[in-house]
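Notes for the one structure printed next.
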Amino acid sequence: MGKNTDKNARRNAVKEQTKKVRKKVCTFCARHEVWIDYKDTDTLKRYMSDRGKIRARRVTGNCVQHQSDIAVAIKTARELALLPYTERTPAERSRSRSAVKTEVEETPYEEPSYDDVFVEEEDDDAGEEEQ
């Protein structure tokens, strides 16, 4: 029986150590807003990550209805090019093989000079005239 009391004591200690987190309140419900406007990009950007992903409801603290409305508004704004689908962020990782390959592929294309082509043709014509 001594073991059970030790387990209960540990469980209670763990429960006491955990922080009490206040539930986030939906900002749209608090302001009694009925409509989430897709043209209000500043508000919509608050609910997007730095890479352009829509933040989860548990992160934003919105209710189910308003989170759904935000997602629809963000998707509409993306379709109308008011918001980007994704945003480029600088890579923080070390250079990998794939990064080296992309640098090689991005070298500018150099057109061949036409002088070389004409020189070859002149050589062919000169050989035919001699025969």
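Residue 48's amide H: which non-local residues (gap 5+, or another chain) put their own amide H closer than 5 Å, with H modeled 1.01 Å from N in plane and none for Pro or chain starts?
Distant-sequence amide H within range of residue 48: 55.
Where does each of 6, 37 land when they are ranked from fewest to most other beta-carbon atoms within 10 angstrom?
6, 37
Karplus couplings for segment 50-61 from phi (6.51 cos²θ - 1.76 cosθ + 1.60, θ = phi - 60°), rounded to Hz, Gly and Pro as x?
With coefficients 6.51, -1.76 and 1.60, one gets 5, 8, x, 7, 6, 6, 6, 5, 5, 7, 7, x Hz.
Show me, for segment 25-35, the HN-Hα J-couplings you get by feeding each phi into the Karplus relation (A = 6.51, B = -1.76, C = 1.60, θ = phi - 60°), rounded to Hz, glycine and proline as x.
These are the phi-based 3J(HN,Hα) values: 9, 5, 5, 6, 5, 5, 8, 6, 7, 9, 10 Hz.
Coordinate-derived values only; no laboratory data. Just so we're clear, the structure is a prediction, and the values are computed from it rather than from any experiment. Virtual Cβ from ideal backbone geometry, glycine too; neighbours counted across all protein chains shown.
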